[in-house]
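Engineer: Below is a structure I'd like to ask you about.
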Amino acid sequence: PPSGVSLLAQPPGGQVALGDPLVLRCEVAAGTGPLSFTWHRGGSGAPLGTGPRLELRQLGDNDSGHYHCRVSDGDSAAESVPLSVTVL
C-alpha cells in the first residue's frame, strides 16, 4: 500500500498573493504498482484534479483552505497531511 505521502507547495508554506499561481506536488515514499492521485480541498467531494501535480493558475479569495492529496493503488489509499493555503 502507498505510505509516506507528503505535499510540497510552490511557493512554500501555502501563502499566495491574490491572482498568483500555486503549484502543489504529491510525493509518495513507498508504494508499488500503478498509483492514482486525486486532489481535494476541505471536505469537498469532487476532486480538484488528478495526477501527482496540481496547478492553480490564478488564486482568488475563495481558494483559501486546506488542500490534500490522496494516493491509491486500487486496493488501499493514503492521504497527505493537509496544507493550509492562504490567499493574501
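The values are calculated or read from the model by the stated rules, or taken from the named source; none is laboratory data. Fair warning: this is a prediction, and the values are worked out from it, not measured in the lab. As a convention, Cβ positions derive from the backbone with ideal geometry for all residues, glycine included, and neighbour counts pool all protein chains shown. Just the protein is used for accessible areas: all its heavy atoms, side chains included, with ligands, DNA and RNA removed. Shrake-Rupley method; radii C 1.70, N 1.55, O 1.52, S 1.80 Å.
Engineer: If you go through segment 71-85 one residue at a time, do you hit one that is among the aliphatic types (A, V, I, L, M), out of contact with any strand residue (DSSP E or B) (no Cβ under 8 Å at 6 or more places or on another chain) and exposed (fewer than 12 other Cβ atoms within 10 Å of the Cβ)?
Structural biologist: no
Engineer: Which of the residues that make up segment 32-43 are open to solvent by less than 70 Å² (accessible area, probe 1.4 Å) and either under 13 Å from the mean Cα position of the chain (by Cα) or charged (D, E, K, R) (or both)? Walk me through it before giving the result.
Structural biologist: The initial filter retains those residues of segment 32-43 that are open to solvent by less than 70 Å² (accessible area, probe 1.4 Å), namely 33, 35-40, 42.
Hits for segment 32-43 are 36, 37, 38, 39, 40, 42.
Engineer: Within segment 52-63, can one find any residue that is of a type in the set (Gly, Ala, Ser) and either open to solvent by 40 Å² or more (accessible area, probe 1.4 Å) or within 11 Å of the chain's Cα centre (by Cα) (or both)?
Structural biologist: no
Engineer: Regarding residue 18, is this residue open to solvent by 40 Å² or more (accessible area, probe 1.4 Å), in contact (Cβ under 8 Å) with a residue 24 or more places away in the chain and closer than 15 Å to residue 65 by Cβ?
Structural biologist: Against the criterion (open to solvent by 40 Å² or more (accessible area, probe 1.4 Å), in contact (Cβ under 8 Å) with a residue 24 or more places away in the chain and closer than 15 Å to residue 65 by Cβ), residue 18 qualifies.
Engineer: Next up: Does at least one position in segment 21-28 carry a residue that is open to solvent by less than 80 Å² (accessible area, probe 1.4 Å) and part of a loop (DSSP other than H, G, I, E, B)? Quick ask: steps written out before the conclusion?
Structural biologist: Filtering segment 21-28 down to residues open to solvent by less than 80 Å² (accessible area, probe 1.4 Å) leaves 21-24, 26-28.
Imposing the further condition that a residue be part of a loop (DSSP other than H, G, I, E, B) reduces the set to 21.
Yes, some residue in segment 21-28 is open to solvent by less than 80 Å² (accessible area, probe 1.4 Å) and part of a loop (DSSP other than H, G, I, E, B).
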